[in-house]
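*Asks:* Take a look at this one; I'll ask things after.
The values are calculated or read from the model by the stated rules, or taken from the named source; none is laboratory data. Remember, predicted model here, so these are calculated numbers, not experimental data. Note that we place each Cβ from the backbone using ideal geometry, even for glycine, and neighbour counts take in every protein chain shown. Quick note on the areas: whole protein, heavy atoms, side chains included, nothing else; ligands and nucleic acids left out. Shrake-Rupley method; radii C 1.70, N 1.55, O 1.52, S 1.80 Å.
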Amino acid sequence: MGAIWYEKKEFVLRVIKNNYFNSDVFIWCDAGCVRYDEWIPYLKTFGNNTSVIPKDKMMLQCLNDIPEKIYFDYPDTFIAGAIIVGYKNMWPIYVELYERVQCK
């Protein structure tokens with residue numbers, strides 16, 4: 001499981017490198033994000049509204065409250081991974097930070 005978690009960002013970097021559709025925004029979305037039939041209608045518009053995506057930040061899905069006692073080398077930084085979205089220029093920065101952050 002850890003190998004898949006780690007490789008998500010690498011998959012996206014490879015797609016950005018090829019960028020066959022000349023995209024500015026790239027989204028990683030786990031297949032499990034659409035496991036309920038009630039969510040299927042949302043797939044029709046998923047990823048269409050890129051105007052809400054900040055150009056200088058990455059967005060990560062968070063379904064639950066952040067635990068009170070969690071420590072990272074970078075305060076106020078919490079990592080999720082079911083849905084990750086950002087502009088192509090932010091992905092390499094995200095990957096570099098991901099590589100540096102270690103849980104204590």
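*Asks:* Restricting attention to region 78-104, and to residues there that are in contact with a helix residue (DSSP H, G or I) (Cβ under 8 Å, 6 or more places away or on another chain) and of a type outside the set (A, V, I, L, M, F, W, C), which single residue is modelled with the lowest pLDDT?
*Replies:* Selected residue: Gly81.
*Asks:* What number of residues in region 51-69 are open to solvent by 50 Å² or more (accessible area, probe 1.4 Å) and either at pLDDT 85 or above or within 23 Å of Ile4 (Cα to Cα) (or both)?
*Replies:* 12
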